[in-house]
Amino acid sequence: MIEIIKKNEEFQMIFEKGHSMNGKYLVAYFLTNQFGYNRFGFCVGKKIGIAVRRNRMKRLLREAVRTLDYSGKAGWDIVLVARFGMIRASLQNIILDIHHIFTKTGIIN
């Protein structure tokens, strides 16, 4: 089970103080936390489309994060922001994009 970031203040702090990395389908923001585990937040802007489409993108992001194996660093707050190109991406492509970003940042070994 993954821990979810829900408070707006936490999202704003990650956006302002964290570092970002771009992928093909998403942008990831990272900030260390005081917990011993990773927490995730998911953002899909209104430019993506109607609510049904945005909710589907969030479900895909949650599923992609859930399927990854985290054998690397713990103690990160991570916000994944969907880009417009994610609309036509498959779950496997999204998983590969997240894996690539997490490998570059050292979250996954």
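Throughout, read-outs are computed from the coordinates displayed, never taken from laboratory work. These numbers come from a predicted model, not from an experiment.
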Largest to smallest principal axis extent of the C-alpha atoms in the chain, angstrom: 36, 29, 24
Gain upon complete extension [Gln92, Lys7; 0.36 nm per residue less C-alpha separation]: 27.7 nm
Normalised contact order of the chain, rounded percent, pairs of Cα under 8 Å and 6 or more residues apart: 35
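Give me the number: length gained by fully extending Ile50 to Val27, i.e. 0.36 nm times residue separation minus the C-alpha to C-alpha distance, one decimal in nm.
On the way: separation 23, 0.36 × 23 = 8.28 nm, distance 2.03 nm.
Residue separation times 0.36 nm, minus the Cα-Cα distance, leaves 6.3 nm.
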Between segment 1-37 and segment 59-109, the alpha-carbon center distance in angstrom: 12
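In deg cm²/dmol and to the nearest 500, what is the mean residue ellipticity at 222 nm of the chain if only DSSP H runs of at least 4 residues count, each as -39500 (n - 2.57), divided by the residue total?
Working: 3 runs with 42 residues, N = 109.
Counting only the DSSP helices, I get -12500 deg cm²/dmol.
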